[in-house]
Ligand SMILES: Nc1ncnc2c1ncn2[C@@H]1O[C@H](COP(=O)(O)OP(=O)(O)OP(=O)(O)O)[C@@H](O)[C@H]1O
Ligand SMILES: [Mg+2]
């Protein structure tokens, strides 16, 4: 039993099922991020938790109380919307206390709660203003204040940062994380930004097409993606996918591919399992994150399975802290993340280091990870 | 070269603008002419009008025609002037405008924020009300008023105008609220506000501009209506428009044109006032800043 349980929940609009059998348990104090491409059903799931959308089948329970059919205001949740949804005709102070007023909290208590929240979010001097007189970041803060003042069991955020500019987004992200750490509240947070998902969450649910593709800690999702969708969706630049032929010799397995000139490249696979060996002689997809494909000096020294391969550099993109280097393996473009001062030049061959400990293999037909 | 063309552009721009203003002025004068004629002749003794020279300023200024039109002229059986009929119109127009606007707002709210199966069809049917000619409903309406016991009364007229106006007010408010962020309603729901609380506290305070449009439209239409007034409220319950007609059409005695002009201006004044007072609030963007901006 979790704090917030989503049990086998589905959602249909008419004959179209947009969410399929979603099962998620959220523990108290967890920061769950729902991430996925546009239209995958994140907002729908969040609205179902909030009670703004009906649940077609299955259950949602908050603190062991099934809330299907319970009015949004009686679920003890608070929500921050993408557009902030501040009441335009009310001052910031009235916006913050409106929910308390509707719940019949007497005025002195409302004022006290408002003062506390305003102090926490540093919006005390804004309380008398109308939303129209605030900047984007200030509106964001007020919207959070309105959620915080209710002291709900669960906070729901629907892409709260997507209307802010890049710099402010990073600042507010840190602030939300800080808030979560100080208050220890349970949060469900929707975003389509995978960096937001990685940085904020204690757990991530990656969604696509109405299915939860994988549920796990940011590290699990990043290092051990369950399928090709999760592997490519999370991480930027995205994971390199190379088609390789699996060769098995006694206990060892090798991923055979080619370099830019068609020369043979054989990469030993770490810890080949029986399942993997059953793909003997077949083509599988080798996934390798850009940071596991580096210059030789930049390779992870703790790894015992670094393979060095020469290949032609086609493009270099210095990004300040790193240089992204594009080359070709097995006929597909691969991006390597090299040190900023790595000595590579487009049109010249360079030595690439494969950290095979980080390599993952996928069944190219089903897209599932081979373990 | 470039400077020269720019100079030419500015000069031609100025010429064009002068021309446009001249034309506009001409049109304005043209439209003001009837009002001028009415005003000037309403403050002349009758002899000056019948003597010709409609466009001349009065030689003897007098407010007598106004006084007569307001409180003495023979309209019904008694020589009451237009005064009681003016109040009839007020008693009809104020509740009818208020109720049709509030109901239109409620309809718009439900049709956009509490959608239900068949709501678009219902809205389509309501729109239909905007296109039904008045004449078609006269007889059924007379019957309905008779059954309700409202025939010949001011409240009967209120009902008629209310029913007729809801189509328009619903259209206005529905279109306005369609652009009103639904997230605000959802936020209010989570905050615990009920159906009417959301309406009163969230939507209505932001409805200023469209309420003004609705009020101006309804006020002008209901105040200026003649057909329903003449059909359903003859005699002492008649509205201003019908009374004015009676005044002008009265067959006894000489035609007192100066009194007629004064009466016509009296009948037109309230709608003019509504435009002057409310028109200013027309363009206020009350929604600014509620959502991302
Ligand atoms: N009222 C509705 N009727 C029919 N289909 C709907 C309705 N609302 C949403 N959908 C569908 O449900 C799916 C999920 O929508 P949802 O809004 O949850 O996506 P999302 O993951 O939040 O996307 P985004 O990142 O763009 O906000 C979409 O395919 C959408 O077309
Ligand atoms: Mg969404």
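Values in this text are rule-based calculations from the coordinates and carry no lab data. Keep in mind that what you see is a predicted model, and the values were worked out from it rather than measured. As a convention, Cβ positions derive from the backbone with ideal geometry for all residues, glycine included, and neighbour counts pool all protein chains shown.
Sorting B:199-207, A:105-113 by their mean Cβ neighbour count within 10 Å, with the most densely packed peptide first, gives B:199-207, A:105-113.
The residues A:71, B:260, when put in order of fewest to most other Cβ atoms within 10 Å, stand as A:71, B:260. Spherically averaged projected area of the convex hull of Cα atoms, the range A:187-271: 7.5 nm².
With angles folded into 0 to 90 degrees, how steeply does helix A:107-121 sit against the dominant principal axis of chain A? Use alpha carbons for both and round to 10. Result, in degrees: 30.
Would you calculate a helix-derived [θ] at 222 nm for the protein assembly as shown, using -39,500 (n - 2.57) for each DSSP H run of n ≥ 4 and dividing by the full residue count, to the nearest 500? That comes out to -14000 deg cm²/dmol. Our summary gives chain A a relative contact order of 15 percent, counting only alpha carbon pairs under 8 angstrom and 6 or more residues apart.
Each peptide among B:235-247, A:74-86, B:108-120 gets the average number of other Cβ atoms lying within 10 Å of its residues, and from highest to lowest they stand as A:74-86, B:235-247, B:108-120.
Working note: Debye formula, equal point scatterers on the alpha-carbon atoms of the protein assembly as shown, no solvent; log10 I(q)/I(0) at q = 0.06, 0.07, 0.12 Å⁻¹ is -0.59, -0.73, -1.21. Which value, in Å³ per residue, describes the convex hull spanned by the Cα atoms of the range A:229-371? Roughly 104 Å³ of hull volume per residue. Across all C-alpha atoms in the range A:273-350, the radius of gyration and Dmax reach 14.3, 44 Å. For helix A:92-102, what angle does its Cα long axis make with the longest principal axis of chain A, in degrees from 0 to 90 and rounded to 10? Between the helix axis and the principal axis of chain A, the angle is about 70 degrees. Look at the alpha carbon pairs under 8 Å that are at least 6 residues apart: their mean separation over the length of the range A:193-300 gives a relative contact order of 20 percent. Computed on chain B, with alpha-carbon pairs under 8 angstrom and 6+ residues apart, the relative contact order is 27 percent. Shape summary: the range A:91-218 maps onto an equivalent ellipsoid whose semi-axes, from the alpha-carbon gyration tensor, are 28, 17, 13 Å in decreasing order.
Going from the fewest other Cβ atoms within 10 Å to the most, the residues A:267, B:57 appear in the order B:57, A:267.
Shape summary: the range A:4-233 maps onto an equivalent ellipsoid whose semi-axes, from the alpha-carbon gyration tensor, are 30, 21, 15 Å in decreasing order.
Could you work out how far helix A:166-183 tilts from the main Cα principal axis of chain A, as a 0 to 90 degree angle to the nearest 10? The answer is roughly 70 degrees. Peptide A:87-93 is shielded by partner chain Cβ atoms: per residue, an average of 5 of them sit within 10 Å of its Cβ.
As a rough guide to protection, the peptides A:32-38, B:7-13, B:139-145 ranked by mean Cβ packing within 10 Å, highest first, stand as A:32-38, B:139-145, B:7-13. Mean per-residue shielding of peptide A:96-103 is 4, counting Cβ atoms of other chains within 10 Å of each Cβ.
Centroid-to-centroid, using Cα positions, the range A:198-231 and the range B:19-46 are 76 Å apart.
The per residue volume of the convex hull around the alpha-carbon atoms of chain B is 215 Å³. Take each residue of peptide A:78-85, count the partner chain Cβ atoms within 10 Å of its Cβ, and average: the result is 6.
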